[in-house]
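Worksheet for the structure shown next.
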Amino acid sequence: MSRIRSKNSKPEETVRKYLFSKGFRYRKNVNDLPGKPDIVLPKYKTVIFVNGCFWHKHDCPRFVWPSSNKEYWVPKIQRNVERDIENTRLLEEQGWQVLTVWECQLKQGEFENALLNLVEQIIVNISKSN
C-alpha cells in the first residue's frame with residue numbers, strides 16, 4: 001500500500017507523454033479544481049482523470065473485491081466512487097469537459113486506441129464550443 005502513488009503514476013505518465021507528443025500542453029494535479037484532476041488542459045477547458053481500476057471500481061476484469069477485510073474496503077471504494085461522481089458534477093457545472101482514462105485501457109496493445117480516442121474527444125469538444 002505504501003508504494004501506491006497518488007501522483008505521477010505510470011499510467012499518468014503514459015497519458016501525459018502521449019498528449020505532449022501530440023502538441024497538447026497541460027497542468028498537473030491542479031489544487032484549485034474539484035478532485036485535483038491529474039491532467040488539466042486549460043486551452044481546451046478539459047480535465048482528465050487517470051483512474052486505477054481497483055481504486056475507482058471500474059467495471060472490468062481488473063476490479064475484484066478484496067476477499068479479506070471487507071468492512072474496510074467496501075466503504076472505502078464506495079466513497080471513492082461517490083467522490084468521483086461529485087467531482088465530475090462540480091467540474092461540469094464550472095464548464096469543464098471531464099474525461100476519464102482507465103488503467104486497463106493503457107495496457108499493451110490497447111493503449112494506442114485509448115489515447116487516440118482521448119485526443120479525438122478533446123478535439124470534438126473544441127469544435128463544439130467554436
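The values are calculated or read from the model by the stated rules, or taken from the named source; none is laboratory data. In this text, all values refer to a predicted model and were calculated from it rather than measured experimentally. Cβ atoms come from the backbone with ideal geometry, glycine included; neighbour counts cover every protein chain shown. Surface accessibility is based on the protein's heavy atoms, side chains included, excluding ligands, DNA and RNA. Shrake-Rupley method; radii C 1.70, N 1.55, O 1.52, S 1.80 Å.
Beta carbons closer than 9 Å, at least 6 apart along the sequence or on distinct chains, pair a first residue in the stretch 54-72 that is without any contact (Cβ under 8 Å) to a residue 40 or more places away in the chain and within 19 Å of E82 (Cβ to Cβ) with a second that is among the polar types (S, T, N, Q) and loosely packed, with under 13 Cβ neighbours inside 10 Å for K57/Q78. Right, V47: without any contact (Cβ under 8 Å) to a residue 40 or more places away in the chain and under 15 Å from the mean Cα position of the chain (by Cα) or not? Criteria not met by V47.
Just one of (1) modelled with pLDDT under 95; (2) open to solvent by 80 Å² or more (accessible area, probe 1.4 Å); (3) under 22 Å from V124 (Cα atoms) fails for F111. It is (2).
Checked against the criterion of being aromatic (F, W, Y) and not in a loop (DSSP other than H, G, I, E, B), the stretch 31-44 has at least one qualifying residue. Among the conditions (1) among the charged types (D, E, K, R); (2) surrounded by 16 or more Cβ atoms within 10 Å (Cβ to Cβ); (3) touching a helix residue (DSSP H, G or I) at 6+ places or on another chain (Cβ under 6 Å), the only one that R62 does not satisfy is (2).
The set of residues in the stretch 12-33 that are among the charged types (D, E, K, R) and touching a strand residue (DSSP E or B) at 6+ places or on another chain (Cβ under 8 Å) comprises E12, R16, R25, R27, K28. Looking across the stretch 86-98, the residues that are surrounded by 10 or more Cβ atoms within 10 Å (Cβ to Cβ) and part of a helix (DSSP H, G or I) come down to E86, N87, T88, R89, L90, L91, E92.
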